[in-house]
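What follows is one structure encoded as structure tokens, with my remarks underneath.
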Amino acid sequence: MFNDIGPLELVTLIVLAVLVFGPDKLPKVIQDVTRTIRKIRDFSESAKQDIRQELGPEFKDFEFEDLNPKTFIRKQLDNDDLGLKEIRNGFDLKKEMAEVTDAVHGRDTDSSSSAPSSSGGRVDMTKKPGTPPADDRPPFDADAT
């Protein structure tokens with residue numbers, strides 16, 4: 001419950017409790033607090049049991065923690081019935097990144113161990129002027145004019 005309280009903070013709380021309640025009343029206050037916490041826990045457990053009984057036998061395995069969206073999604077993704085583990089394991093990110101890198105550098109993806117092309121693995125991105133045929137007209141775009 002109090003996992004994030006450090007030792008210094010705990011000592012500070014104890015000193016404050018002794019100063020506020022006094023050493024003679026402190027044991028009685030601690031008993032009252034623990035009794036109240038125990039009653040709240042019992043009340044919540046009985047409410048959970050009542051809800052489970054009202055839902056019926058179909059929901060006998062119902063857990064209230066499943067109502068948390070993170071827990072629900074985690075359980076659904078780990079479910080073997082859907083086959084999501086096989087789909088997730090079917091992706092090889094390193095292989096796909098290597099294929100993309102090879103495609104960007106102009107290398108053949110089938111033979112990644114082959115020698116680089118004559119241009120040093122670079123793709124020629126310059127436009128080469130082509131001589132258009134004499135009888136072809138350039139494309140006309142009605143929206144551009």
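Worth pointing out:
- If you plug the beta carbon distance of Asp92 and Glu58 into 1/(1 + (r/R0)^6) with R0 = 35 Å, you get a FRET efficiency near 0.30.
- A DSSP coil position with no more than 15 other Cβ atoms inside 10 Å describes the following trypsin sites (Lys or Arg not before Pro) in the range 1-77: Lys60.
- Label separation (Ala144 vs Lys25): 8.9 nm, computed from points 7 Å beyond Cα along the C-beta direction.
- Pairs beyond 32 Å (Cα-Cα), from Lys70/Lys94; Lys28/Lys48; Lys25/Lys48; Lys60/Lys94; Lys28/Lys75; Lys48/Lys70: Lys25/Lys48; Lys60/Lys94; Lys28/Lys75
- Per residue, the solvent-accessible area of the range 23-62 (1.4 Å probe, heavy atoms of protein chains only, all protein chains present) comes to 92 Å².
- In order along the range 72-77, the Karplus-derived 3J(HN,Hα) couplings, from 6.51 cos²θ - 1.76 cosθ + 1.60 at θ = phi - 60°, round to 4, 5, 4, 5, 5, 6 Hz, and Gly and Pro are given as x.
- Per-pair calculated FRET efficiency, R0 = 25 Å: Lys75 and Gln49 via Cβ, rounded to 0.05: 0.70
- Environment charge of Thr34, counting only residues whose C-beta is closer than 13 Å and scoring Lys/Arg +1, Asp/Glu -1: +3
- Within the shell defined by Cβ-Cβ distances under 12 Å, the residues around Ser46 carry a net charge of +1, with Lys and Arg each +1 and Asp and Glu each -1.
The values are calculated or read from the model by the stated rules, or taken from the named source; none is laboratory data. These numbers were taken from a predicted model, which means no experiment stands behind them. No Cβ is skipped: glycine too gets one built from the backbone with ideal geometry, and neighbour counts run over all protein chains shown. Just so you know, the surface numbers come from the protein's heavy atoms only, side chains and all, with ligands and any DNA or RNA stripped out. Shrake-Rupley method; radii C 1.70, N 1.55, O 1.52, S 1.80 Å.
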